[in-house]
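Quick notes on the structure that follows.
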Amino acid sequence: MKQRKRLGLPPHLYAVPLTGVRDPVPPYEWIIDAPARNAIALREGSLDLAFLTPIDYARESSLYYIVPGIAVSSRGGDGTVALLFREGLHRLRSLAIDPSSASEIILARVILAEQFDLRPAMVPYQGAPGKALANADAVLVVGDTALRMLQEHDNSLDLVEEWEDMTTLPYVHGLWCGRENAADAEDLSLLLRLCTEGRGKVDALSEAAAHDRRLGSLNAPRILEYLEGLSFDGTEEIEQGLREFIRYAYYHGALPDIPDLQYYGSSPAAETDEDPPLVPPAVH
């Protein structure tokens with residue numbers, strides 16, 4: 001029997017549709033872990049593919065290829081990435097951060113510097129964000145933690161909303177990545193099919209998440225609204241958002257250069273005066 005490939009996913013609600021619906025014999029072994037640990041596991045070879053944040057891809061871009069046609073992104077105040085304050089922006093001198101949220105930390109740095117001319121000290125923490133907030137002026141919360149805590153905290157700033165206001169582009173939360181030979185045409189097609197299947201079953205996934213996940217008082221209709229507000233496509237506009245974030249990360253000192261984006265299924269661009277297409281065709 002062919003051994004199933006190991007694919008790493010973040011433990012956030014936005015990633016749930018990527019695996020399709022529950023299958024008694026899953027096509028892959030899904031490894032749910034923090035994005036930073038999945039990035040390490042992919043680099044060390046214990047994962048075949050991982051759903052990486054933009055910065056985790058950019059830091060190892062020479063090693064990895066991107067699965068075309070799939071990316072999780074959002075616009076506006078969806079609550080996926082937020083700052084919670086004790087008093088407000090005008091008093092922000094320190095920001096508590098979970099070091100495993102690398103892309104979101106850079107997003108916070110970029111937004112605070114570009115939009116508010118603020119450069120707070122970053123204070124790493126582990127454990128409960130509420131306790132971290134007792135020792136810093138604000139705390140960065142991400143994914144399910146952000147969705148849950150925003151219900152209880154009025155003093156907040158939605159960083160995805162600020163990103164869109166600044167750039168007019170979506171913010172990309174993650175994309176499938178792996179080494180050159182880790183995914184074949186069958187994998188590319190299957191991953192796209194699973195994502196399409198999951199998006200078509202968000203009603204059922206929302207009901208399950210309301211019962212199975214620790215999302216505070218979030219009910220199924222609110223979870224459904226959240227999932228329907230996300231994009232799972234790899235469009236040209238979404239790639240523009242990814243490129244823009246990478247550029248800002250470089251200009252703010254988080255990357256040594258601005259890497260090229262490599263996609264599975266695309267051949268090197270011919271040497272012409274024209275730029276190559278931004279997004280390879282999705283695999284069907």
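The values are calculated or read from the model by the stated rules, or taken from the named source; none is laboratory data. Nothing here was measured: the structure is a model prediction, and the numbers come from that model. Cβ: placed from backbone, ideal geometry, glycine included. Neighbour counts: every protein chain shown.
Numerical summary
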item: Unmet requirement for ARG148, which otherwise passes all of (1) buried (at least 21 other Cβ atoms within 10 Å of the Cβ); (2) out of contact with any strand residue (DSSP E or B) (no Cβ under 7 Å at 6 or more places or on another chain); result: (1)
item: Test: residue in segment 124-141 that is more than 26 Å from TYR65 (Cα to Cα), of a type in the set (Lys, Arg) and touching a Lys or Arg at 6+ places or on another chain (Cβ under 9 Å); result: no
item: Qualifying residue in segment 234-253 (condition: of a type in the set (D, E, K, R), assigned to a helix (DSSP H, G or I) and free of Cβ contacts under 8 Å to residues at least 12 places away in the same chain); result: yes
item: Lone unmet requirement of (1) among the hydrophobic types (A, V, I, L, M, F, W, C); (2) in contact with a Phe, Trp or Tyr (Cβ under 7 Å, 6 or more places away or on another chain); (3) in the same structural domain as GLY198 (by TED's automatic domain parsing) for LEU107; result: (3)
item: Failed condition for ALA134, given (1) among the small types (Gly, Ala, Ser); (2) in the same structural domain as ASP98 (by TED's automatic domain parsing); (3) surrounded by 14 or more Cβ atoms within 10 Å (Cβ to Cβ); (4) modelled with pLDDT under 90; result: (3)
item: Segment 155-194 - residue that is among the hydroxyl-bearing types (Ser, Thr, Tyr) and closer than 17 Å to ILE105 by Cα and, of those, modelled with the highest pLDDT; result: TYR171
item: Total residues in segment 69-119, condition free of Cβ contacts under 8 Å to residues at least 60 places away in the same chain and of a type in the set (Gly, Ala, Ser); result: 3
item: Among residues of segment 110-147, those that are of a type in the set (Asp, Glu) and farther than 22 Å from SER73 by Cβ, counted; result: 2
item: Count of residues meeting criterion [surrounded by 20 or more Cβ atoms within 10 Å (Cβ to Cβ) and in a helix (DSSP H, G or I)] in segment 162-173; result: 2
item: Members of segment 64-97 that are surrounded by fewer than 17 Cβ atoms within 10 Å (Cβ to Cβ) and under 19 Å from the mean Cα position of the chain (by Cα); result: GLY76
